[in-house]
Amino acid sequence: MGFFKDIKKLNDQGKAIREQYPVKAQMEQAQAQMAQANQMMAAMAQGTVAATGAITNGVDAIATVTASRQTGASMNLNPVVELELLVMMPGGVPMPVKRQEMVQQLHLGRAQVGSRLKVKVDPVDASKLWIDWVTPP
């Protein structure tokens, strides 16, 4: 008979813990955050594919940072930054581009508003670009 009392006691303790710590709400929040992270990773992967195309088929251009915001996310301990750039196309036409980019800690100073960056850009679609963080413009 003591065994069944112990089972009931454990069951009551489990109910009390579930009421005190709402795991369901925490799980829903964690799933929402995971979906947001997956969406960000997919966007960054798409940007990487576009950058690869720009490296091989792009033309040299200069981009000026018009806005820079940290997203709060990081990859490999490097912050992900949302950049708004004004890309001067080789023909002299300025094209605004907005993108999220992982910026190494070493290069964060170059992501400030007003900074000029050397880029390779797809001549047909300015949103497909690769930023050269190492070479000065």
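The values are calculated or read from the model by the stated rules, or taken from the named source; none is laboratory data. Predicted model only: the values in this text are computed from it and were never measured. Counting neighbours? That spans all protein chains shown, and the Cβs are built from the backbone with ideal geometry, glycine included.
Would you be able to say whether some residue in region 36-50 is modelled with pLDDT of 90 or more, aliphatic (A, V, I, L, M) and either in a strand (DSSP E or B) or closer than 16 Å to LYS128 by Cα (or both)? Steps first, please.
Our first condition is that a residue be modelled with pLDDT of 90 or more; within region 36-50, this holds for none.
There is no residue in region 36-50 that is modelled with pLDDT of 90 or more, aliphatic (A, V, I, L, M) and either in a strand (DSSP E or B) or closer than 16 Å to LYS128 by Cα (or both).
Which pairs have Cβ atoms under 8 Å, sit 6 or more apart or on different chains, and link a residue in region 108-137 that is without any contact (Cβ under 8 Å) to a residue 24 or more places away in the chain and exposed (fewer than 15 other Cβ atoms within 10 Å of the Cβ) to one that is assigned to a loop (DSSP other than H, G, I, E, B) and not aliphatic (A, V, I, L, M)?
Note: pairs meeting the criteria are GLY109/SER115.
Which of the residues belonging to region 56-88 are over 14 Å from LYS118 (Cβ atoms) and not in a strand (DSSP E or B)?
THR56, ASN57, ASN76, LEU77
Going by what's in this entry, would ASN76 be described as at pLDDT below 90, out of contact with any helix residue (DSSP H, G or I) (no Cβ under 9 Å at 6 or more places or on another chain), closer than 18 Å to VAL134 by Cβ and surrounded by fewer than 13 Cβ atoms within 10 Å (Cβ to Cβ)? Lay out the reasoning, then the answer.
Working: at pLDDT below 90: yes; out of contact with any helix residue (DSSP H, G or I) (no Cβ under 9 Å at 6 or more places or on another chain): yes; closer than 18 Å to VAL134 by Cβ: yes; surrounded by fewer than 13 Cβ atoms within 10 Å (Cβ to Cβ): yes.
Answer is yes for this residue.
Condition test on LYS8, is it modelled with pLDDT of 85 or more, assigned to a helix (DSSP H, G or I) and either in contact with a Phe, Trp or Tyr (Cβ under 7 Å, 6 or more places away or on another chain) or more than 30 Å from LEU117 (Cα to Cα) (or both)?
Yes, satisfied.
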